[in-house]
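The values are calculated or read from the model by the stated rules, or taken from the named source; none is laboratory data. Being a predicted model, the structure only gives us computed values, none of them experimental. FYI the Cβ positions are ideal-geometry reconstructions off the backbone, even for glycines, and counts take in every protein chain you see.
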Amino acid sequence: MTAKVNGNFDKVLRCLEDIGLLLVSGNEIPDVRRLITGKSSRGSWWSDEAAHEIFAVNELLEDHPDVTITKLISGKVTFVHRQLWQKLFSVATAREEWQMGGLSVPAKQMLKEIDKRGTLLTHKLPASFGPKPGETARVLELRLLIHSEQVHTESGSHAKLVESWDAWARRVHFKPRELDVSRARQFFEKRLDEINKQHSGNGRLPWIPKTPKTS
């Protein structure tokens, strides 16, 4: 790890510890890309001249024992610090209407299978989960019904590992406890409102309906 990557990682981790949430890339709330480059996060971060550095910091964050990722803010990959894991677990495992309402048959089947088996690799999913199993998994991700992350297969290619939140908790040695779901949601709503105001952001949570655009 170069001194520059190490310095940027320390800065990003301090920010995550401070506010609890960070995007990989996006202007909705603070994100890794802007913390490293100091520039607006528009377009794919892979096209950024600092892409390799951003990638290195992202990898270090994903491997950090106090950090997990999920699609919590604005449907984008969000780093969540351990200090918020209890509340995240409570919301994600509640199976509320915003999560379960309108799920397709393939999505319901996939969720049932993940609950049963704990973990699945999307590149090995059968067609019974839909013509594009990865897209079905993404629907579950956006509703926080599952946890997922990129992994390296034996062949050296990338694949997505999807898992139940219980399986995730066991894997990262996290012991969830009983927590009121409505209070957990209210916490995230308040925290995100504070972040949005402090950083001129417009991040949104998956259970909050999008505000229709006015003409």
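Hey, among Arg95, Arg143, which residue is touching a helix residue (DSSP H, G or I) at 6+ places or on another chain (Cβ under 9 Å) and among the charged types (D, E, K, R)?
On the way: Arg95 fails: touching a helix residue (DSSP H, G or I) at 6+ places or on another chain (Cβ under 9 Å).
On inspection, the qualifying residue turns out to be Arg143.
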> Quick check: is even one residue across region 127-149 at pLDDT 95 or above, surrounded by 19 or more Cβ atoms within 10 Å (Cβ to Cβ) and either assigned by TED's automatic domain parsing to the domain that holds Val24 or part of a strand (DSSP E or B) (or both)?
Replying inline: yes
> Can Ala56 be described as more than 16 Å from the chain's Cα centre (by Cα) and within 24 Å of Gly26 (Cα to Cα)?
Replying inline: yes
> assigned by TED's automatic domain parsing to the domain that holds Glu194, among the small types (Gly, Ala, Ser), under 18 Å from His81 (Cβ atoms) and modelled with pLDDT of 90 or more: does that describe Gly26?
Replying inline: no
> Taking into account only those residues within region 106-126 that are within 18 Å of the chain's Cα centre (by Cα) and in a helix (DSSP H, G or I), which is surrounded by the fewest Cβ atoms within 10 Å (Cβ to Cβ)?
Replying inline: Thr122
> How about region 164-193: which of its residues are over 19 Å from Gly75 (Cα atoms), out of contact with any Pro (no Cβ under 6 Å at 6 or more places or on another chain) and not in a loop (DSSP other than H, G, I, E, B)?
Replying inline: Asp166, Ala167, Trp168, Arg170, Arg171, Val181, Ser182, Arg183
> If you check Ile195 against the conditions, is it in contact with a strand residue (DSSP E or B) (Cβ under 9 Å, 6 or more places away or on another chain) and assigned by TED's automatic domain parsing to the domain that holds Cys15?
Replying inline: yes
> Which residues, counting only those in region 194-211, are in a helix (DSSP H, G or I) and either surrounded by 15 or more Cβ atoms within 10 Å (Cβ to Cβ) or small (Gly, Ala, Ser) (or both)?
Replying inline: Ile195, Asn196, His199
